[in-house]
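Written below as structure tokens is the structure these notes are about.
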Amino acid sequence: MGTEAGPQGLEPKHALVVTGSPRRRGVIAELVDCFAAQWRAEMRPEDPLRIISAYEAAVKPCIYCGYCKHTRGCVYEDFLPLDQAFQQADFLVVASPVFCLGFPAPLKAILDRTQQYYEAKFSLGIKNPIVRPKYALFLVAFGSPDSRGVAMMEEQLRLVFHVLNARLKHTIMARHTDKVPPDLPNVKTTLQEILRDFATCRGGPPAVET
Ligand SMILES: Cc1cc2nc3c(=O)[nH]c(=O)nc-3n(C[C@H](O)[C@H](O)[C@H](O)COP(=O)(O)O)c2cc1C
């Protein structure tokens, strides 16, 4: 795609990667590096990429205080940078290892805190609390050959993505990482195809039905 003006003219496309691995040199870090390299290769220089580590963001868990049922936002302010990033993103990547068949706790806390968008939508009647539709990708790594966690995590993501105005379009798995290194050439080719598909979506995927 290079620097051609796409169908959306010069409006930048924003990618947001939310990563859930505590390890700086683990498999998820490799997959995220691969995504970042492909984003830079396939998109234009003015299309920014932001990476947020759930472990560094370390947002508090939802305490179900009910604040967001009555008032837009959250009683805790630590989610504001994530809210701003979610509002901006056109392409959302959740990159996570499987921990006990689910998300590591700091990433699960972020997912739970999106309850504020659920309440904004269903209690406060705000049609799209996140205005920008998002094309979403799940990058996931697990140590065993058993992929049951992935199916459960995809279900959780679909639930959350509904209120984030995001659509889960693809999952890329690195399986059995205790024994098998990730197939990075194959990941690279798949990411190229995904990003070319994204680039042909005028203005992103259709908004999630309400
Ligand atoms: C607390 C914990 C729980 C885990 N639970 C599972 C699991 O349920 N299923 C599985 O296949 N691997 C499990 N693993 C293995 C990780 O998913 C695997 O090592 C993955 O590659 C870690 O990602 P990273 O390389 O980015 O750190 C677990 C690892 C840890 C530390």
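If you add up the charges near Gln115, with Lys and Arg at +1 and Asp and Glu at -1, over every other residue whose beta carbon is less than 14 angstrom from its beta carbon, what do you get? Please list the in-between numbers first.
Values: positive: Lys60, Lys69, Arg72, Lys108, Arg113, Lys121; negative: Asp83, Asp112, Glu119.
Counting the neighbours of Gln115, the net charge comes to +3.
What fraction, in whole percent, of alpha-carbon pairs in the chain exceed 31 Å separation?
Working: 3955 of 21945 pairs.
So the pairs more than 31 Å apart make up 18 percent of the total in the chain.
For region 150-198 and region 53-107, what is the centre-to-centre distance using only Cα atoms, to the nearest Å?
With region 150-198 and region 53-107 each reduced to a Cα centre, they are spaced 19 Å.
Taking only DSSP H segments of four or more residues, each worth -39500 (n - 2.57), what value at 222 nm results for the chain once the sum is divided by all its residues, to the nearest 500 deg cm²/dmol?
Helix contribution divided over all residues of the chain: -12000 deg cm²/dmol.
Around Ala166, which amide H atoms from residues at least 5 apart in sequence, or from another chain, sit under 5 Å from its own amide H, with H modelled in the peptide plane?
For Ala166, whose amide H was placed from the backbone, the distant partners under 5 Å are Lys134.
What base-10 log of the normalised intensity I(q)/I(0) is obtained for region 12-71 from the Debye formula, alpha carbons as equal point scatterers, at q = 0.13, 0.25 Å⁻¹?
Log-scaled intensity ratios, in q order: -0.50, -1.01.
Just tell me which aspartates and glutamates come within less than 19 Å, Cα to Cα, of Lys169; anything on the same chain fewer than 8 places away is out.
Once the sequence-local aspartates and glutamates are set aside, what remains near Lys169 is Glu42, Asp90, Glu154, Glu155, Glu193, Asp197, Glu209.
Can you work out the Karplus-derived ³J(HN,Hα) for every residue in region 139-155? Use 6.51 cos²θ - 1.76 cosθ + 1.60 with θ = phi - 60°, whole Hz, and x for glycine or proline.
Running phi through 6.51 cos²θ - 1.76 cosθ + 1.60 with θ = phi - 60° gives 9, 9, 10, 8, x, 9, x, 8, 9, 4, x, 4, 4, 5, 5, 4, 4 Hz.
So what does log10 I(q)/I(0) come out to for region 45-84 at q = 0.16, 0.28 Å⁻¹, using the Debye formula with one equal point on every Cα and no solvent?
Values, matching the q order: -0.53, -1.04.
Over all alpha-carbon pairs of region 102-210, lay out the pair-distance distribution in 10 Å bins, whole %, shortest bin first.
13, 37, 34, 14, 2
When the Karplus curve 6.51 cos²θ - 1.76 cosθ + 1.60 is applied with θ = phi - 60°, which whole-Hz ³J(HN,Hα) does each residue of region 43-49 get, with x for Gly and Pro?
Along region 43-49, the couplings run 9, 8, x, 8, 9, x, 10 Hz.
Considering amide H positions built from the backbone, and no H for Pro or chain starts, which residues 5 or more places from Ala141, or on another chain, come under 5 Å of its amide H?
Ser96, Val98, Ala174
Which one, Ala166, Gly143, Ser123, is farthest towards the positive end of the dipole of the chain when Lys and Arg carry +1 and Asp and Glu -1 on their Cβ?
My answer, from the dipole projection, is Ser123.
Under the Karplus relation 6.51 cos²θ - 1.76 cosθ + 1.60, θ = phi - 60°, what is the ordered set of whole-Hz ³J(HN,Hα) values for region 20-37, x standing for Gly and Pro?
x, 9, x, 9, 6, 10, x, 5, 4, 4, 5, 5, 5, 4, 5, 4, 4, 5
Can you give me the Rg/Rh ratio for region 26-104, using Cα atoms for both radii and the Kirkwood formula for Rh?
Values: Rg = 15.6 Å, Rh = 15.1 Å.
Radius of gyration relative to Kirkwood radius: 1.03.
Laboratory data are not the source of any read-out in this text; all were calculated from the coordinates shown. Computed from a prediction, not measured in an experiment: that's the story for all the values here. Note that we place each Cβ from the backbone using ideal geometry, even for glycine, and neighbour counts take in every protein chain shown.
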